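> Have a look at this one.
Laboratory data are not the source of any read-out in this text; all were calculated from the coordinates shown. Note that the coordinates shown come from a computational prediction; the quantities given were computed from them, not determined experimentally. In this analysis, Cβ positions are derived from the backbone assuming ideal geometry, glycine residues included, and neighbour counts consider all displayed protein chains.
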Amino acid sequence: MRTNYTFTVFTCTYNRAATLHRVYESLAAQTFADFEWIVFDNGSQDNTKELIERWAKESDFCIRYLSWPENTGYQNTFNECISVARGNFFLILDSDDRCVPHALERFYHLWNRIPAADKVSFSGITVLCEDQNGNLAGNRFPEDYLISNALELEYRYKVRGEKWGFVRIDILRKYPFPKVKHHVMPHVVWHQIARRYKTLFANEILRIYYSDEQQKVGQLTAVSPEYNATGKLIGQQAIINNNMDWFFTAPWALSKACIQYIRFSLHADRGVIMQYRELNNGYARLLYLTLLPIGIVLYIKDKT
């Protein structure tokens with residue numbers, strides 16, 4: 001049994017047997033073969049297990065099937081997969097998406113463009129996506145090959161939309177998701193990494209993003225502001241606790257995060273005093289006091 005690969009491709013799935021073939025077909029067509037595919041079944045009740053087991057027997061690449069008996073949350077499956085992955089680089093490919101046949105080959109080529117002495121300061125590579133109709137998902141990076149990080153990309157360059165990339169597994173093991181039962185937004189991890197490592201952003205389209213499927217998921221998870229309020233407040237709190245040094249570059253983004261922190265904290269039955277105490281710097285607390293009335297008004301509107 002092999003103990004090391006260049007890439008670990010990770011797919012977390014829940015009742016997605018009808019779309020998983022997109023991922024499998026994409027990986028089977030890859031021009032770069034040094035990878036493993038870990039499928040983590042988060043409590044599916046369809047025929048996902050039988051499907052993956054059949055593919056594992058038929059395929060000429062490594063497929064590993066892991067599962068939990070019930071849905072325990074994406075971040076918990078992510079942490080578990082990181083702990084058992086055998087690749088040097090970790091790449092997420094959603095259970096309803098595809099990638100182009102040369103995706104892994106291009107990632108490997110782009111990584112090797114970075115001088116060997118500089119690689120220790122890079123976390124990985126990020127590229128563009130297009131939807132199933134061939135339309136660019138989001139906007140391009142300001143340069144075809146940009147050395148930056150996720151914070152600067154979001155706050156300074158205002159880059160939006162679906163992107164795709166890999167991260168070094170040794171780095172991800174240093175920054176696991178919080179061990180909570182609530183769904184936590186990925187920026188809780190990505191922003192920590194961005195403060196310490198650089199990323200190479202490339203204007204190359206390597207992933208096909210099926211927006212219709214994601215919109216269905218979004219509709220399910222946006223039914224009520226009370227849904228996953230604790231997970232949402234953790235994400236907003238992380239922004240204003242850690243990113244206030246970007247306030248004058250992106251004042252609206254930080255202000256919006258603060259308002260949402262207040263709103264979701266109230267939905268999670270966390271009072272004003274507790275909210276204030278959980279902020280770790282004076283700038284965040286000043287912004288909080290300034291925007292507290294707006295957050296309360298939003299909460300009241302949610303309740304009416």
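> If the only charges are +1 at each Lys and Arg Cβ and -1 at each Asp and Glu Cβ, what is the size of the charge dipole of the stretch 161-304 around the Cα centre, to the nearest 20 debye?
Using only the charged Cβ atoms, the result is roughly 400 debye.
> While we're on this one: Within 10 Å of each residue's Cβ, count the other Cβ atoms and sort 10, 248 from fewest upward.
Numbers: 10 22, 248 9.
Taking fewest neighbouring Cβ atoms as first place, the list is 248, 10.
> Along the three principal axes, how long is the stretch 152-304 when you take its alpha carbons, biggest first, rounded to the nearest angstrom?
On the principal axes, the stretch 152-304 reaches 44, 36, 29 Å in Cα extent.
> Return the distance in nm (one decimal) between the two label points of a simple spin-label model at residue 145 and residue 117, each offset 7 Å from Cα along Cα→Cβ.
1.8
> Around residue 83, under 14 Å between beta carbons, what's the net of Lys plus Arg minus Asp minus Glu among the other residues?
Neighbour charge sum, excluding residue 83 itself: +3.
> Then there is this: Output the 0 to 90 degree angle, nearest 10, between the alpha-carbon long axis of helix 251-267 and the longest principal axis computed from the alpha carbons of the chain.
Between helix and principal axis, roughly 80 degrees.
> Got the relative contact order for the stretch 88-198 handy, in percent, Cα pairs under 8 Å and 6 or more residues apart? Walk me through the intermediate numbers first.
Values: 98 pairs, mean separation 40.8, N = 111.
Over the stretch 88-198, the number comes to 37 percent.
> Helix 48-58 versus the longest principal axis of the chain: what is the Cα-based angle in degrees, 0 to 90, to the nearest 10?
Helix 48-58 sits roughly 30 degrees off the main axis of the chain.
> OK, next. Would you mind working out the magnitude of the charge dipole of the stretch 5-218 relative to its Cα centre, with +1 at each Lys and Arg C-beta and -1 at each Asp and Glu C-beta, to the nearest 20 Debye? Display every interim value, and only then the final one.
Details: 26 positive and 27 negative charges, 177 e Å.
That gives the stretch 5-218 a dipole magnitude of about 840 debye.
> Using θ = phi - 60° and the Karplus form 6.51 cos²θ - 1.76 cosθ + 1.60, what ³J(HN,Hα) does each residue of the stretch 292-304 get, whole Hz, x for Gly and Pro?
3, x, 5, x, 5, 4, 4, 4, 5, 4, 4, 7, 9
> Another one. Report, largest value first, the span of the C-alpha coordinates of the stretch 14-75 along each principal axis, in whole Å.
Reported extents, whole Å, longest axis first: 35, 22, 18.
> Taking only C-alpha pairs under 8 Å that are 6+ residues apart, what is the relative contact order of the chain in percent? List each step's numbers first, then the result.
Details: 510 pairs, mean separation 51.2, N = 304.
Relative CO of the chain lands at 17 percent.
> In a solvent-free Debye calculation with one equal scatterer on each Cα, what is log10 I(q)/I(0) for the chain at q = 0.08, 0.10, 0.13, 0.16 Å⁻¹, listed in the order of the q values?
Cα-only, vacuum Debye calculation for the chain: -0.38, -0.60, -1.01, -1.44.
> Would you mind listing how long the stretch 224-303 runs along its three principal axes, going by Cα atoms, in whole Å with the largest first?
The principal-axis extents, from largest down, are 33, 22, 21 Å.
> Charges at C-beta only: +1 for Lys and Arg, -1 for Asp and Glu. How large is the resulting dipole of the stretch 224-303 about its Cα centre, in Debye rounded to 20?
Details: 8 positive and 5 negative charges, 24 e Å.
It works out to roughly 120 debye.
> Work out the charge dipole of the chain with +1 on the Cβ of Lys and Arg and -1 on the Cβ of Asp and Glu about the Cα centre, then indicate which of 9, 67, 252 is farthest towards its positive end.
So the residue we want is 252.
> What nm value, rounded to one decimal, do you get for the distance between residue 182 and residue 224 when each label is placed 7 Å out toward the C-beta?
Roughly 1.5 nm, to one decimal.
> Helix-derived [θ] at 222 nm for the chain: sum -39500 (n - 2.57) over DSSP H runs of at least 4, divide by residue count, nearest 500? Let's see the in-between values first.
Details: 12 runs with 130 residues, N = 304.
That comes out to -13000 deg cm²/dmol.
> Sequence neighbours fewer than 8 away in the same chain don't count; with that in mind, list the aspartates and glutamates whose C-alpha is under 17 Å from residue 179.
70, 80
> I want to make sure I understand the PRE zone here: with the label point 7 angstrom from the Cα of residue 274 toward its beta carbon, which residues in the stretch 231-251 have backbone N atoms less than 13 Å away?
Only 231, 233-234 fall inside the zone, counting backbone N under 13 Å.
> Which of rounded, prolate, oblate describes the stretch 71-219, given a ≥ b ≥ c as roots of the alpha-carbon gyration tensor eigenvalues and a/c under 1.5 marking rounded, otherwise prolate only if a/b is larger than b/c? Write out the running numbers ahead of the final one.
On the way: a/c = 1.40, a/b = 1.04, b/c = 1.34.
Rounded, since a/c falls under 1.5.
> Let me ask you something else. Working from the alpha-carbon coordinates of the stretch 113-152, get Rg over Rh, Rh being the Kirkwood radius.
Working: Rg = 13.1 Å, Rh = 12.3 Å.
Result for the stretch 113-152 is an Rg/Rh of 1.06.
> Then there is this: Cα-Cα pairs above 16 Å in the stretch 64-105: how many percent?
Details: 420 of 861 pairs.
Of all Cα-Cα pairs in the stretch 64-105, 49 percent lie more than 16 Å apart.
> Take every Cα pair under 8 Å in the stretch 224-303 that's 6+ residues apart, average their separations, divide by the length, and report that relative contact order as a whole percent. The partial results should precede the final answer.
Working: 78 pairs, mean separation 29.0, N = 80.
Across the stretch 224-303, relative contact order equals 36 percent.
> May I ask for the angle, rounded to the nearest 10°, between helix 211-221 and the longest principal axis of the chain, with both axes built from Cα atoms and the value confined to 0 to 90°?
Taking the Cα atoms of the chain, the angle to 211-221 is about 40 degrees.
> While we're here: Among 158/198; 158/303; 49/232; 181/301, which pairs are too far apart, with a Cα-Cα distance over 25 Å? Numbers along the way, then the final one.
On the way: 158/198 17 Å; 158/303 32 Å; 49/232 31 Å; 181/301 27 Å.
From 158/198; 158/303; 49/232; 181/301, over 25 Å: 158/303; 49/232; 181/301.
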